[in-house]
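I have placed the structure first, in the form of structure tokens, so that the comments after it can refer back to it.
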Amino acid sequence: MLDNNIKNQLKSHFESLTQTVELLIALDDSKKSTEVESLANDLASLSDKFTVVNNPDTSARRPSMVVHSPVKNTHITFAGVPMGHEFTSLVLALLHTGGHASKAKSEDIEQIQSLDQELNFEIYISLSCQTCPQVVQALNTMAATNSKIKATMIDGALFQEEVEERNILAVPAVYLNGEPFSQGALSLTDILNKVDSKGAARQAAALSEKDEFDVLVVGGGPAGASAAIYSARKGLNTGVVAERFGGQVADTLAIENFISVKATEGPKLVAQLEEHVKEYDVDVMHNQRAAGLERVNNKYEITLENGATLKAKSLVLATGARWREMNVPGEQEYRGHGVAYCPHCDGPLFKGKPVAVIGGGNSGIEAAIDLANIVEHVTVLEFADTLRADEVLIRKAKSLNNITIIKNAQTTEVLGDGKKVTGLTYTDRVSGDSKALTLAGIFVQIGLIPNTEWLKISDLALSKFGEILIDAKGATSLPGVYGAGDATNTPFKQIIIAMGSGATASLGAFDYLIRNSEESEQDKTAA
Ligand code: FAD
């Protein structure tokens, strides 16, 4: 199952293990069961701490493998074959169960240890989903730390009956004690905040106690990361407050236009960004959403959704952008139940089924080409009379016989049976006729909108599209407040551009701070 190169690498990782780990396998006659058995035996050959045991639990999913600590009585289950993006989750589960310390923050570990209720998490994933391992690994960390918590990763492609019974059409989908818990990306801190409300209040109080920052960066995408590094390198007391570090890059599969790096992947670049920021004395506040901006005595206060307030002399606003929605009846109702926004993540759940892609720009045509390999048929609906994608992509899409492209099509409604998507209706903008398509899934690829709603109640000037208006130095309409990246009116939205604008914004903020402190010194002298 594992090649020799991987085996050698794992063997050296497993040498540091101090505790016994049992691999409890539950198998049937399927080919996937043979793979799980072979994987368990391969792992057992790499460390004398591992033993393979048949799972005595007759109700266990098959095939599955439980990473069990007989010492701590912890259980982490993998239902399916944890390869692809989930292989790292398996390796981490083995390391943590075998006594290797987790890299989670010590305060998170303490909070997990203090939880005293039984929590049984089930996480539905697809092996090609890039955001799934983050959720699986967070829940596995909890399960490896506290025996009252159990985590089970379930490969949705293999356990289709369960997926259909629970109407899961987007991953990662998490169930807690049999009830829906969350959908989409989620960090360890998010999960802890959800299951431990007292912990969230403690965290808000601790944030409000922080000293005033010289520069507070709001947003942790490429623009925010770059702004933080530039600011810290100027010796300024710098903070970054971000809902999800990495931003859109975390959702990107292949990146081939980040100049000087020929090809990379989103999660890899996010890890490198984080590593680079950590080289400097930057206070990164993860999983925190800004909800308000107020100017108080020529300084600023950012209010967070959890009620905390952060104080700063100057700000860099870099909250990026997110997928644009269609805003048609049925879209919200069936979001996660057939309406999807990430083809890389959710495509495999529609294997062999008909889907539509809304939007004929680069992302829409790219999504159609990607999905055509998995699904039965892709219909691309484009509102305009021409496709906006690059010619090379259009040619490729047209060469595939399971892609149909319909132009002048205005989507009017998402149709469903109360549980999941069954199709959509659209108006043919030339004839005015209303038409219907039978579908299992709808992938919305119609661009991005800036994450600036939280700024609308402030005095900050925004464009009619909600973008933060900035000048050549990144300065906004408020003194000392700078903007960077996709959240601003910059005409092109790309990683390298966002990073450049983050640097510009921080240099602008530095300029503002030195001039401002000079003025205050002069004021004091004059007085
Ligand atoms: P974002 O990356 O959107 O980051 C915004 C940050 O702000 C995040 O940390 C977010 O959590 C945080 N945030 C948002 N709201 C709040 C709030 N209220 N409070 C606190 N934090 C908040 N570009 C390329 O150059 N090459 C590519 O190949 C490429 N491929 C792409 C593929 C996909 C699928 C997508 C979606 C985008 C792609 N892009 C690509 C575009 C690129 O990712 C963006 O231009 C870039 O990430 C913008 O960076 P940013 O920092 O401005 O914003």
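The values are calculated or read from the model by the stated rules, or taken from the named source; none is laboratory data. As the structure is a computational prediction, the values presented were derived from the model and not from experiment. All Cβ positions, even for glycine, are placed from backbone atoms using ideal geometry, and neighbour counts span all protein chains on display.
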G221 being within 11 Å of the ligand (Cβ to nearest atom), free of Cβ contacts under 8 Å to residues at least 60 places away in the same chain, buried (at least 20 other Cβ atoms within 10 Å of the Cβ) and within 22 Å of A321 (Cβ to Cβ)
no
Could you count how many residues in the stretch 261-285 are within 13 Å of the ligand (Cβ to nearest atom) and part of a loop (DSSP other than H, G, I, E, B)?
2
Are there any pairs, at least 6 apart or on different chains, whose C-beta atoms fall under 7 Å, with the first in the stretch 263-289 and at positive phi and buried (at least 17 other Cβ atoms within 10 Å of the Cβ) and the second assigned to a loop (DSSP other than H, G, I, E, B) and hydrophobic (A, V, I, L, M, F, W, C), and if so, which?
none
I need the full set of residues from the stretch 192-218 which are within 15 Å of A505 (Cβ to Cβ), touching a helix residue (DSSP H, G or I) at 6+ places or on another chain (Cβ under 8 Å) and within 16 Å of the ligand (Cβ to nearest atom), in order please.
V215, V217, V218
Being in contact with an Asp or Glu (Cβ under 8 Å, 6 or more places away or on another chain) and within 16 Å of the ligand (Cβ to nearest atom), is that true of even one residue in the stretch 415-433?
no
Of the residues N193, N237, only one is under 28 Å from A503 (Cα atoms), surrounded by fewer than 22 Cβ atoms within 10 Å (Cβ to Cβ) and not hydroxyl-bearing (S, T, Y); which?
N237
Reported set for the stretch 135-170 where residues are of a type outside the set (S, T, N, Q) and within 30 Å of S106 (Cβ to Cβ) is V135, V136, A138, L139, M142, A143, A144, K148, I149, K150, A151, M153
Restricting attention to the stretch 299-320, does a residue exist that is outside any strand (DSSP E or B), in contact (Cβ under 8 Å) with a residue 40 or more places away in the chain, buried (at least 17 other Cβ atoms within 10 Å of the Cβ) and of a type in the set (K, R)?
no
Counting only residues that are more than 6 Å from the ligand (Cβ to nearest atom), assigned to a loop (DSSP other than H, G, I, E, B) and of a type in the set (S, T, N, Q), which one in the stretch 231-260 is farthest from D511 (Cα to Cα)?
S260
Looking at F465, F443, can you tell me which residue is within 20 Å of F492 (Cα to Cα) and among the aromatic types (F, W, Y)?
F465
Within the set of pairs 6 or more residues apart or between chains, which connect a residue that is farther than 19 Å from P450 by Cα inside the stretch 466-481 to a residue that is not in a loop (DSSP other than H, G, I, E, B) with Cβ atoms less than 6 Å apart?
K473/G508; G480/S314; G480/Y512
Note on the stretch 131-161: residues out of contact with any helix residue (DSSP H, G or I) (no Cβ under 7 Å at 6 or more places or on another chain), over 20 Å from C342 (Cα atoms), in contact (Cβ under 8 Å) with a residue 40 or more places away in the chain and outside any helix (DSSP H, G or I) are S147, T152, F159
Flag if G416 is closer than 20 Å to R324 by Cα and either at pLDDT below 95 or not acidic (D, E) (or both):
no
Flag if G447 is among the small types (G, A, S), surrounded by fewer than 23 Cβ atoms within 10 Å (Cβ to Cβ) and within 21 Å of the chain's Cα centre (by Cα):
yes
Would you please name the residue that is surrounded by the most Cβ atoms within 10 Å (Cβ to Cβ), looking only at residues in the stretch 124-144 that are polar (S, T, N, Q) and under 26 Å from L17 (Cβ atoms)?
N140
If you scan the stretch 1-18, which residues turn out to be part of a loop (DSSP other than H, G, I, E, B), crowded, with 16+ Cβ neighbours inside 10 Å and out of contact with any strand residue (DSSP E or B) (no Cβ under 9 Å at 6 or more places or on another chain)?
M1, L2
Scan the stretch 361-415 residue by residue and report those that are under 25 Å from the mean Cα position of the chain (by Cα) and small (G, A, S).
G361, S363, G364, A367, A368, A372
Near pairs, Cβ below 7 angstrom, 6+ apart or cross-chain, from the stretch 237-259 (at positive phi) to any residue that is more than 8 Å from the ligand (Cβ to nearest atom) and not charged (D, E, K, R):
G246/V270; G246/L273
Is the stretch 328-340 home to any residue that is within 16 Å of the ligand (Cβ to nearest atom), more than 14 Å from L439 (Cα to Cα) and either outside any strand (DSSP E or B) or not acidic (D, E) (or both)?
no
Being more than 16 Å from the ligand (Cβ to nearest atom), assigned to a helix (DSSP H, G or I), within 21 Å of V215 (Cα to Cα) and in contact (Cβ under 8 Å) with a residue 12 or more places away in the chain narrows D511, D486, D459 down to just D511
With respect to F465, determine if the residue is aromatic (F, W, Y) and either away from the ligand (no atom under 14 Å from the Cβ) or more than 24 Å from the chain's Cα centre (by Cα) (or both).
yes
Can you confirm whether the stretch 175-186 contains a residue that is outside any loop (DSSP other than H, G, I, E, B), acidic (D, E) and surrounded by fewer than 17 Cβ atoms within 10 Å (Cβ to Cβ)?
yes
Looking at (1) at pLDDT 95 or above; (2) within 29 Å of V171 (Cα to Cα), find the lone condition where S47 falls short.
(2)
